[in-house]
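To start, the structure itself, in structure tokens.
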Protein chains: 4
Amino acid sequence: MQDKPVFEHRMTVPFQDIDAAGVVFYAHLFRYAHEAYEHFMQHIGCSLRELLAEGSYLLPLVHAEADYHKPLHHADTLTIELWPKTLGRTSFTLGYRVLADDQTQQASLATVHVVLDRTTQRPLPLPASLREGLGAGAPP
Amino acid sequence: MQDKPVFEHRMTVPFQDIDAAGVVFYAHLFRYAHEAYEHFMQHIGCSLRELLAEGSYLLPLVHAEADYHKPLHHADTLTIELWPKTLGRTSFTLGYRVLADDQTQQASLATVHVVLDRTTQRPLPLPASLREGLGAGAPP
Amino acid sequence: MQDKPVFEHRMTVPFQDIDAAGVVFYAHLFRYAHEAYEHFMQHIGCSLRELLAEGSYLLPLVHAEADYHKPLHHADTLTIELWPKTLGRTSFTLGYRVLADDQTQQASLATVHVVLDRTTQRPLPLPASLREGLGAGAPP
Amino acid sequence: MQDKPVFEHRMTVPFQDIDAAGVVFYAHLFRYAHEAYEHFMQHIGCSLRELLAEGSYLLPLVHAEADYHKPLHHADTLTIELWPKTLGRTSFTLGYRVLADDQTQQASLATVHVVLDRTTQRPLPLPASLREGLGAGAPP
């Protein structure tokens with residue numbers, strides 16, 4: 001799969017996300033990425049709310065990482081680009097780029113999710129609907 | 001009931017609780033108060049974890065308020081004093097004072113909790129164990 | 001001044017704002033209200049970012065309160081209505097209503113802000129531009 | 001350097017750190033790690049508060065990562081072990097292990113910090129005091 005964005009989430013850095021050094025606290029970037037992920041999942045027809053309410057599987061995170069290129073500030077408007085990086089048999093990896101208004105890249109992140117059977121808590125193959133939704137951004 | 005503290009919780013303001021104005025974001029004070037409340041409930045033998053796991057009632061908040069006297073800063077060490085202000089038939093009110101190291105009062109808060117039957121979601125009289133725990137700080 | 005909304009902010013409850021009781025943690029409502037306030041201030045031409053960067057005054061909160069009518073859940077879409085409740089000489093009060101999609105009122109909040117001279121930290125009369133912006137929703 | 005803990009931070013998972021799936025939201029682990037880091041820095045005589053107030057350098061994070069082994073729950077008591085993994089010329093890496101009461105490992109994290117000159121914003125060699133403090137846990 002190529003690393004091309006398939007989804008964009010826009011947001012503005014709120015007043016309270018600043019830390020004692022005057023910039024956005026690093027862990028908030030994972031929160032921003034997760035909000036992009038929630039919107040993305042909704043977009044591909046796999047809303048987390050429905051999954052949690054009635055799904056047969058869960059998608060816990062097993063790994064997360066971030067590289068911080070530039071500090072972010074209060075009221076910055078950000079675009080978070082999201083794309084599926086890899087689809088495994090029972091897991092998938094999402095990539096994220098955090099861009100400022102002038103398109104400079106502020107940070108990049110990745111999260112790895114596994115598909116767990118809700119009852120047995122064991123890994124499951126990616127359900128077809130999820131694989132299809134995630135694969136939509138991938139080249140043939 | 002007199003307004004005398006029956007419980008103290010000590011904490012240090014973490015790096016990430018600062019806002020764009022360089023002081024602690026006001027809503028975090030409610031979080032600090034709730035952490036004091038969790039420790040207090042444990043202290044009087046009504047741990048929230050056990051309540052949630054096996055209790056027959058819940059204690060949702062129906063009101064919260066705060067007065068802010070002085071700004072709080074990164075790494076301030078705080079004492080949060082907590083005491084039951086009023087015990088009603090189906091609800092109770094807790095008061096909180098947030099003190100700096102030199103005992104100056106930085107903020108004061110109050111939270112009102114109702115006792116709800118977990119099944120019917122209707123108000124219940126305060127269970128005896130809870131009434132006893134809350135009343136421990138009250139004068140006879 | 002009548003209590004009529006002059007500004008609306010729409011949002012969706014994110015995955016991570018839930019607490020151990022399965023509903024939105026009460027203190028997050030103050031965060032939601034503050035985000036509505038930030039957008040409102042921008043809307044009336046008094047952006048907090050500019051105030052912090054170059055303003056001669058600050059607007060610290062001295063009081064906040066909330067009444068919780070119904071629990072909020074993950075992925076609820078909310079409308080936060082905001083309106084100036086009172087304009088004092090050196091302070092103002094904002095009111096907020098949190099509405100669900102079916103227009104039922106989930107919570108109501110109020111915040112009181114004072115105008116402080118940035119240098120002296122003393123109360124100042126409301127600057128004309130701020131008074132005008134806040135007054136825009138008031139009847140004549 | 002060996003991967004041996006040189007510092008331990010104890011904490012209890014608060015009520016509000018749970019997500020819609022009923023477990024601790026993954027990004028909070030970075031917050032927990034940072035709180036351990038703050039206490040550690042104080043312990044080795046490089047308090048972040050003093051650094052920010054009067055230091056000639058800053059220590060921004062440029063990378064963070066986490067592996068999640070088991071879900072964490074409300075009221076779990078955790079021990080966060082912290083140790084310097086590598087000391088570079090102008091950066092250092094900290095490792096963290098999050099342990100449950102029965103010593104099972106719940107998560108492991110790493111953060112990479114660079115030393116930046118506060119005025120020029122350019123990388124600086126690790127100051128002697130910091131190198132000494134970080135090196136205290138390393139074998140000869």
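The values are calculated or read from the model by the stated rules, or taken from the named source; none is laboratory data. All values derive from a computational prediction rather than experimental measurement. A quick note on method: Cβ atoms are made from the backbone with ideal geometry, for glycine too, and the neighbour counts reach across all protein chains shown. We work out accessible area using only protein heavy atoms, side chains counted, and drop any ligands, DNA or RNA first. Shrake-Rupley method; radii C 1.70, N 1.55, O 1.52, S 1.80 Å.
May I ask you to verify whether C:Thr79 is more than 14 Å from chain B (Cβ to nearest Cβ), under 27 Å from C:Asp117 (Cβ atoms) and polar (S, T, N, Q)?
Working: more than 14 Å from chain B (Cβ to nearest Cβ): yes; under 27 Å from C:Asp117 (Cβ atoms): no; polar (S, T, N, Q): yes.
Judged against the criteria, C:Thr79 is not a match.
Going by the conditions given, is B:Val13 in contact (Cβ under 8 Å) with a residue 24 or more places away in the chain and in contact with a strand residue (DSSP E or B) (Cβ under 7 Å, 6 or more places away or on another chain)? Full working, then the answer.
On the way: in contact (Cβ under 8 Å) with a residue 24 or more places away in the chain: yes; in contact with a strand residue (DSSP E or B) (Cβ under 7 Å, 6 or more places away or on another chain): yes.
Criteria met by B:Val13.
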For this session: Within the stretch A:77-93, track down each residue that is open to solvent by less than 30 Å² (accessible area, probe 1.4 Å) and of a type in the set (A, V, I, L, M).
Result: A:Leu78, A:Ile80, A:Leu82
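Taking the condition open to solvent by less than 10 Å² (accessible area, probe 1.4 Å), over 24 Å from D:Gln42 (Cα atoms) and of a type in the set (Phe, Trp, Tyr), does B:Tyr96 pass?
Numbers: open to solvent by less than 10 Å² (accessible area, probe 1.4 Å): yes; over 24 Å from D:Gln42 (Cα atoms): yes; of a type in the set (Phe, Trp, Tyr): yes.
Criteria met by B:Tyr96.
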Seminar exercise, completed: Of the residues in the stretch C:59-76 that are more than 7 Å from every other protein chain (Cβ to nearest Cβ) and open to solvent by less than 40 Å² (accessible area, probe 1.4 Å), the one that is farthest from B:His113 (Cα to Cα) is C:Leu59
For this session: Within the stretch D:105-117, identify whether any single residue is in a loop (DSSP other than H, G, I, E, B) and open to solvent by 30 Å² or more (accessible area, probe 1.4 Å), and answer yes or no.
Result: no
For this session: Mind counting the residues in the stretch C:1-58 that are over 22 Å from C:Ala128 (Cβ atoms), away from chain B (no Cβ under 14 Å), open to solvent by less than 40 Å² (accessible area, probe 1.4 Å) and not in a helix (DSSP H, G or I)?
Result: 4
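Can you tell me which residues in the stretch D:84-104 are farther than 19 Å from D:Ala27 by Cβ and either part of a strand (DSSP E or B) or of a type in the set (Gly, Ala, Ser) (or both)?
D:Pro84, D:Lys85, D:Thr86, D:Leu87, D:Gly88, D:Ser91, D:Phe92, D:Thr93, D:Leu99, D:Ala100
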